[in-house]
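Report on one structure; see the data block that follows.
Derivation of every value follows stated rules applied to the coordinates shown; laboratory data play no part. Since the structure is predicted, the reported quantities are computational estimates derived from the model, not experimental observations. Cβ atoms come from the backbone with ideal geometry, glycine included; neighbour counts cover every protein chain shown.
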C-alpha cells in the first residue's frame with residue numbers, strides 16, 4: 001500500500017510537471033494565432049468597416065502561471081486609409097490561479113508607442129464619429145436579433161483587477177485638416193490601475209502641444225474611488241440619438257491659447273457615510289490665456305489637502321496690477337470651518353467689463369457689453385475665521401465711486417457704494433447701495449461673532465424693461481419685448497447661519513411682455529408674495545391679480561382675475577381659481593403639491609366648459625365663418641406626478657348639442673365623442689400616450705381613464721420626443 005501511494009504521488013507529480021512544462025513551452029508553439037488573423041480582420045471589416053493589421057501574434061506564458069498574448073506592430077485604419085490607431089507592440093496576460101477565486105487579474109497590460117490620430121474633416125466633425133454613426137445606423141436598420149439567453153450564473157460575482165497597466169511613448173493627435181492646425185497630447189510613460197469598480201489610479205507626465213509649441217505640462221498622480229453606478233430606471237426608454245453641435249477643439253484652443261503648468265498628487269476616497277476625503281496637493285502655476293487679444297498676466301492656484309480640510313493659496317489676475325489673492329484653510333468635513341484672507345488691489349469696474357466682453361467674445365457668445373461703460377473700483381483686505389458657530393474677522397471690502405451705464409438701453413447703475421466692515425469679530429454691512437435709474441437698491445445689517453445674522457435688502461420699483469434689455473440672453477431679446485413692469489423687494493435674513501430664517505416680500509406691478517410680432521401679449525396687474533423660509537421649507541402666501549393672455553390676431557383673451565397660493569412647511573396649496581376664456585367660457589382649477597421638500601406629489605385638477613363660439617374665435621377672422629359651433633363643451637384636466645415624472649391628461653366632450661367642427665362626419669353625428677391629450681414628462685423626454693379622438697361612450701366623469709375605457713378609437717397618436 002505504501003509503495004502504491006509513493007507511486008501514485010510520483011505519477012501525479014510527473015503528470016503535473018509535464019502539464020506545467022507543456023504550458024510553458026509547448027502551448028505557445030502549438031497555438032498559431034496567425035491562423036485566426038484573417039477571421040479577425042474579416043469581422044472587423046464587416047462589423048465596423050475598419051482595417052485591422054497586426055504582426056507576429058503569439059501566445060505568452062510565464063512560470064507564475066500567467067497566460068496571454070503579445071503582438072508586434074499593430075494598426076487600425078479607417079475606410080479612407082487614414083490611420084486611427086497604431087502601436088509598436090501590444091501585450092496582455094491574466095493570472096490563471098486568480099480565476100479559482102472568481103477574479104480576472106490582468107497581471108500585464110502594456111502598449112509601446114501607441115499613436116491615436118483623430119482627424120476633423122472640413123472643420124465639421126471627426127472622421128471616426130461619422131464611422132460610428134454609420135455603424136449605429138446599420139445596427140438600427142438591421143433585422144431584430146434573437147433574444148439573448150441569460151447566463152447560467154451571475155456575472156457580477158466575477159471581480160476584475162488591473163494592478164498595473166503601462167503605456168510608454170504615447171501620443172494622441174487631433175488634426176484639423178481644414179485649418180492645418182493640431183493639438184497633441186504626448187508623454188513618456190503612463191501607468192494606470194483598476195480595482196473592480198471600486199478604485200482607479202493614473203500616473204503620468206504629459207505635455208499638450210498646440211501645433212509644435214508646448215502650452216501645458218501636467219504631472220499627474222491620482223488615485224480615486226469610483227462612484228457607484230446609478231441603477232437603471234425600469235421606466236426609462238431605450239437610448240436615443242441626441243444631436244449636439246460640433247465644437248472644434250483645435251480652433252477653440254487657439255482662440256484661448258491657454259498656457260499652464262499642472263502638478264497634482266491626490267488620493268480621493270469616500271467612506272461608508274458618503275463623506276469624500278482628499279489627501280495630497282493640486283497646483284496650477286504660470287497660467288495665462290488670451291481673450292480676444294487681451295493677454296492676461298500669469299496667475300496660480302495652489303492647494304494642499306489633508307483629508308477633510310485644505311490649504312489654499314490663489315492669485316488671480318484680471319488685468320495688470322489688478323489681482324485677487326485668496327489664502328487660508330477651509331474645512332469641508334462634519335465640522336466645516338474657514339480661515340481665509342482676501343486681498344486685492346483696486347479692481348476697476350470698467351476693466352471687469354472689458355475682461356467679461358473678451359471672455360464672451362472668445363466663447364463666441366453674442367453680447368452687448370460694448371455698450372457698457374464703468375467707473376469706480378472695488379478692493380478688499382480682510383481676514384475671516386469661522387466654524388459657522390462663531391466668527392472672527394478683521395478688514396474690509398469696499399466699492400467706491402461706482403457706476404455702470406448702458407448707452408443703448410439707457411440703464412444706469414449709479415452711486416455704487418459698498419462697505420463690508422470686518423471688525424470686533426463682526427461683519428457689518430453699512431452704507432451699501434446703488435441707484436438703478438434713480439431707484440435705490442440697498443443692503444444693511446451684520447453677522448456677529450456667534451454667526452448670528454441680521455441682514456436686510458431693500459429695493460424700490462426696479463425698472464424691469466431696462467434690466468431685461470441689459471441682462472437677458474440675446475435670443476430672448478430677439479423674440480420678446482418687455483415693455484412695462486417694476487419690482488420692489490424687501491428681504492431679511494435672521495438667525496444662526498446654519499439655521500437662518502429668510503423673510504421676503506416681493507411686489508411686481510404693471511408687467512407686460514409680448515413677442516416681437518405682437519401676436520401674443522402677457523399682462524399682469526399685480527403680484528404680491530410674502531415668504532418665510534428656513535432654507536428647507538417655505539411658509540407664506542402669493543396673491544396675483546388680473547393675469548391675462550391676449551392674442552390680438554384673433555381678438556381672443558384668457559384671464560385669471562385672482563390667484564392665491566398658500567405655502568406651509570409641507571404643502572403648496574392652490575386655492576380654487578378660475579380661467580375666463582373670451583366672453584362665456586370658464587374653467588375652475590384647484591390643487592396642491594404635497595411634501596414638496598422631501599417627496600413631492602403633484603395633484604392639480606381643472607373642470608369647466610368652453611363655449612363653442614369662444615373657441616371658434618381662436619381660429620381667426622378668416623377661418624371663423626367656416627367652422628360650425630354650438631353649445632358649451634365640457635373640459636376636464638388632471639395633472640399628477642412627483643419630482644421625477646409628471647403626467648397630464650386633458651379631455652373635451654362633444655355631442656349633438658355641444659360641438660365645434662370644420663366638417664361634419666355622418667358616421668359620428670349625434671354621438672358623444674371625447675378628444676383626449678395624454679402626455680408624460682420625464683427627464684428630457686415627452687411621452688405622448690393614447691392621444692386622439694374617441695367615440696361611442698356615454699361617460700364623462702372625474703375618472704378620466706374610465707371615460708375612454710370602452711370607447712371606440714377614431715384615431716390615436718403615441719410616441720416619444722427627446723428635448
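Some notes on this structure:
- Acute angle (nearest 10 degrees) that the helix 37-48 long axis makes with the longest principal axis of the chain, alpha-carbon atoms: 0 degrees
- Across the alpha-carbon atoms of segment 584-723, the computed radius of gyration and Dmax are 16.7, 53 angstrom.
- Directionally averaged projected area (segment 322-433, Cα convex hull): 8.9 nm².
- Each Cα pair under 8 Å and six or more residues apart adds its separation to the average, and for the chain the resulting relative contact order is 4 percent.
- Along each principal axis, Cα extent of the chain, largest first, Å: 107, 82, 64
- Relative contact order of segment 451-569, defined on C-alpha pairs under 8 angstrom at six or more residues apart (%): 19 percent
- Mean shadow area of segment 382-439 over all directions, Cα convex hull, nm²: 5.1 nm²
- For segment 451-569, the Cα-based Rg and Dmax, in that order, read 17.5, 59 Å.
- Helix-only CD estimate at 222 nm, as mean residue ellipticity for the chain, using -39500 (n - 2.57) per DSSP H run (n ≥ 4): -4000 deg cm²/dmol
- Span from the segment 194-221 Cα centroid across to the segment 618-639 one, whole angstrom: 65 Å
- When the P(r) of segment 578-658 is calculated, the portion above 18 Å amounts to 53% of the C-alpha pairs.
- Take each peptide in 107-116, 197-206, count the other Cβ atoms within 10 Å of every residue, and average; sorted highest first, the result is 107-116, 197-206.
- Cα centroids of segment 73-130 and segment 306-354: 43 Å apart.
- Residues within the reach of a label modelled at residue 324 (point 7 angstrom out along Cα to beta-carbon, backbone nitrogen below 18 Å), restricted to segment 332-363, are 339-360.
- Packing around the peptides 181-192, 700-711, taken as the average count of other Cβ atoms within 10 Å per residue, puts them in this order, highest first: 181-192, 700-711.
- The calculated FRET efficiency for residue 712 paired with residue 415, based on their beta-carbon distance and R0 = 45 Å, is about 0.05.
- Taking Cα atoms only, the orientation of helix 349-362 departs from the longest principal axis of the chain by about 60 degrees.
- Fewest-first sequence of 352, 520 by Cβ atoms within 10 Å of each Cβ: 520, 352
- Subtracting the Cα-Cα distance of residue 207 and residue 29 from their residue separation scaled by 0.36 nm leaves 59.9 nm.
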